[in-house]
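The values are calculated or read from the model by the stated rules, or taken from the named source; none is laboratory data. From a predicted model like this one, the values you see are computed outputs, not experimental measurements. Neighbour counts run over all protein chains shown; Cβ positions are idealised from the backbone, glycine included. Quick note on the areas: whole protein, heavy atoms, side chains included, nothing else; ligands and nucleic acids left out. Shrake-Rupley method; radii C 1.70, N 1.55, O 1.52, S 1.80 Å.
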Amino acid sequence: MSHILIVEDEPVIRGALRKLLVRHEHSVAEADSVEQAREQHLNQFDLIISDLRLPGEPGTALIDNAGTTPVLIMTSYASLRSAVDAMRQGAVDYIPKPFDHDEMLLAVERVLKEGRLNRGNRALRRDMERSYPVHNMIGDSDAMQELKHRIHRVGPTNTPVLIMGESGTGKELTARALHEQSERAGGPLISVQCAALPKNLQLTELFGDEDSAGRIEEADGGTLFLDEVGELNSDVQSRLLTLLTHHEIHRQGSLSPRKVDVRILASSQLDLPGRVAEGHFRQDLYYRLNVMELTLPPLRDRQDDLQSLANALLARGCEKLNRHDLYFTDAARQAMVGYSWPGNVRELENVIERAIILTEEDGIGPSQLGLNPNRTPQRVSRASLDPSEDLSLEDYFTRFVMENQDSMTETELAQKLGISRKSLWERRQRLGIPRKKAGGRR
């Protein structure tokens with residue numbers, strides 16, 4: 001569902017165009033002049049259709065105020081000169097009046113499709129640096145075969161999917177696979193790291209405000225992936241329920257609903273049923289999101305896939321770091337098999353990238369991998385944080401967070417460590433450090 005503004009001073013023409021667009025399931029707002037149109041926050045629309053000749057300023061005057069919103073010009077003076085002038089000023093296209101209904105609809109759909117593709121490209125560029133290190137879901141273990149089968153079945157539908165699994169198991173990769181197998185593959189896939197959003201900014205970030213669109217509107221025509229959905233506050237949960245039920249949202253500060261066409265995928269490593277029982281997550285929203293649940297197996301349960309994953313990550317890492325082809329020694333492969341991988345595939349990626357940087361030979365051995373089968377994040381006492389102790393930065397980070405997270409909020413932890421809250425969350429994910437159970441300070 002797209003949101004279109006019609007700017008036309010003749011009520012009969014404006015009314016006919018509104019009925020035509022509404023009949024084809026578009027949401028429509030109206031104005032009879034450029035001045036009146038500017039009162040409606042032009043960048044909230046997906047398309048502006050404006051007459052060229054209006055009382056006061058011409059329709060092309062809206063172009064400079066519309067931001068990224070395309071402006072389609074209508075004109076009774078459909079000369080080549082007026083068309084060229086409008087296009088030179090930035091109009092996306094022009095259409096002569098009186099307009100043919102089919103011609104108008106074709107023009108509208110073309111412009112809207114281009115807008116969706118542009119949003120998709122922008123989202124892809126944003127996500128390239130965070131994209132998972134493999135292009136396909138690698139692995140032929142029984143657990144992965146079952147997961148691929150379920151993705152193949154549910155991918156082409158519009159059904160909400162809840163993706164469960166430990167940190168680093170590939171929840172975002174699974175969301176991408178679902179999106180690519182759907183009819184929405186040509187639209188944007190917008191990923192939102194919910195745990196990285198400050199609680200007081202979650203509504204604005206997702207739903208937008210009067211001046212700008214939120215992440216949900218950016219996903220219109222495509223897919224919205226809410227990573228760690230259990231971290232959203234109660235107000236956002238309530239509005240998400242409205243979105244899933246009525247397919248509409250309200251921007252912050254706006255009384256007018258906006259129809260959006262978006263598929264919701266969500267993930268969590270938290271115990272969502274437990275959070276529901278404790279009153280921290282809405283039960284009705286949980287059932288709306290959990291129409292289909294996909295549970296991702298941890299890497300320790302995918303021993304049959306470990307070598308193929310490691311080889312793929314090694315090849316990609318060598319390309320990324322501009323190294324000639326390397327290989328794992330037999331001892332390195334045995335070390336990988338004997339390790340429990342608490343950080344799952346993400347930890348495997350980081351270990352291999354570090355080994356590529358450290359190795360000076362063609363063969364990567366156990367020393368370059370640096371795996372310690374007995375090293376898992378442990379709760380330590382404050383006294384054990386001895387600054388004279390020889391700790392790596394990762395070890396110090398892990399121990400500091402595990403020691404202090406019950407007495408500090410995430411914001412306080414980030415401040416003490418001298419990093420942003422987003423960086424804190426990303427390091428938790430990379431190192432496989434769980435957040436404290438619900439009921440502690442947030």
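Can you tell me which residue within segment 208-246, out of those that are among the charged types (D, E, K, R) and in a strand (DSSP E or B), is modelled with the lowest pLDDT? Full working, then the answer.
Quick first cut of segment 208-246, residues among the charged types (D, E, K, R) only: 209-211, 215, 217-218, 220, 227-228, 231, 235, 239.
With in a strand (DSSP E or B) added as a condition, the list becomes 209, 227.
Details: ASP209: 85, ASP227: 93.
Across segment 208-246, the extreme among qualifying residues is ASP209.
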So for segment 189-207 (the condition being assigned to a loop (DSSP other than H, G, I, E, B) and at pLDDT below 90), does at least one residue qualify? yes
Of (1) open to solvent by 10 Å² or more (accessible area, probe 1.4 Å); (2) in a strand (DSSP E or B), LEU265 satisfies every one except (1)
Search result, residues across segment 421-442 that are at pLDDT 75 or above and either under 12 Å from GLU410 (Cα atoms) or part of a loop (DSSP other than H, G, I, E, B) (or both): LEU424, TRP425, ARG428, ILE433
Residues of segment 183-208 satisfying the condition of being out of contact with any helix residue (DSSP H, G or I) (no Cβ under 9 Å at 6 or more places or on another chain) and of a type outside the set (A, V, I, L, M): GLU183, ARG184, ASN200, THR204
Scope segment 169-201; condition among the polar types (S, T, N, Q) and touching a residue at least 40 places away in the same chain (Cβ under 8 Å); matching residues: THR169, THR174, SER182, SER191, GLN193
Residues of segment 332-356 being surrounded by fewer than 16 Cβ atoms within 10 Å (Cβ to Cβ), assigned to a helix (DSSP H, G or I) and within 30 Å of the chain's Cα centre (by Cα), which ones? ARG354
Just one of (1) more than 23 Å from GLY168 (Cα to Cα); (2) assigned to a helix (DSSP H, G or I); (3) at pLDDT 80 or above; (4) of a type outside the set (D, E, K, R) trips up ALA383, so point out which. (3)
Looking at segment 289-299 only, could you name the residues that are more than 22 Å from the chain's Cα centre (by Cα) and assigned to a helix (DSSP H, G or I)? LEU299
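Do you know which residues across segment 300-317 are touching a residue at least 24 places away in the same chain (Cβ under 8 Å) and not aliphatic (A, V, I, L, M)?
Within segment 300-317, ARG300, ASP301, ARG302, GLN303, ASP304, ASP305, GLN307, SER308, ARG316, GLY317 meet the criteria.
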Counting only residues that are of a type in the set (Asp, Glu) and buried (at least 17 other Cβ atoms within 10 Å of the Cβ), which one in segment 153-185 is farthest from LEU272 (Cα to Cα)? GLU172
Out of all the residues in segment 359-370, is one or more over 30 Å from GLU146 (Cα atoms), out of contact with any strand residue (DSSP E or B) (no Cβ under 6 Å at 6 or more places or on another chain) and at pLDDT below 80? no
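Being part of a strand (DSSP E or B) and within 23 Å of the chain's Cα centre (by Cα), is that true of even one residue in segment 324-331? Explain how you work it out, then say what you get.
So the first thing to find is which residues in segment 324-331 are part of a strand (DSSP E or B), and the list is 327-328.
Still in the list and also within 23 Å of the chain's Cα centre (by Cα): none.
No, segment 324-331 contains no residue that is part of a strand (DSSP E or B) and within 23 Å of the chain's Cα centre (by Cα).
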Which of the residues spanning segment 302-323 are surrounded by 15 or more Cβ atoms within 10 Å (Cβ to Cβ), in a helix (DSSP H, G or I) and in contact with a Ser or Thr (Cβ under 9 Å, 6 or more places away or on another chain)? ASP305
Mind checking which pairs have a first residue in segment 27-45 that is under 11 Å from ARG14 (Cβ atoms) and a second that is open to solvent by less than 20 Å² (accessible area, probe 1.4 Å) and among the aromatic types (Phe, Trp, Tyr), Cβ under 7 Å, 6 or more apart or different chains? none
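Among MET408, MET402, which is at pLDDT 75 or above, of a type outside the set (Phe, Trp, Tyr), surrounded by 14 or more Cβ atoms within 10 Å (Cβ to Cβ) and assigned to a loop (DSSP other than H, G, I, E, B)?
MET408
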Which residues, counting only those in segment 274-288, are open to solvent by less than 80 Å² (accessible area, probe 1.4 Å), more than 21 Å from GLU172 (Cα to Cα) and in a helix (DSSP H, G or I)? GLY274, ARG275, VAL276, ASP284
Residue check for PRO377: at pLDDT below 70 and open to solvent by 30 Å² or more (accessible area, probe 1.4 Å): yes
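Do we find that LEU21 is in contact (Cβ under 8 Å) with a residue 12 or more places away in the chain, within 38 Å of the chain's Cα centre (by Cα) and outside any strand (DSSP E or B) in this structure?
On the way: in contact (Cβ under 8 Å) with a residue 12 or more places away in the chain: yes; within 38 Å of the chain's Cα centre (by Cα): yes; outside any strand (DSSP E or B): yes.
Yes: the conditions hold for LEU21.
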Within segment 186-213, residues open to solvent by 50 Å² or more (accessible area, probe 1.4 Å) and among the hydrophobic types (A, V, I, L, M, F, W, C) come out as LEU201
Can you pull out every residue in segment 247-259 that is assigned to a loop (DSSP other than H, G, I, E, B) and surrounded by 19 or more Cβ atoms within 10 Å (Cβ to Cβ)? ARG251
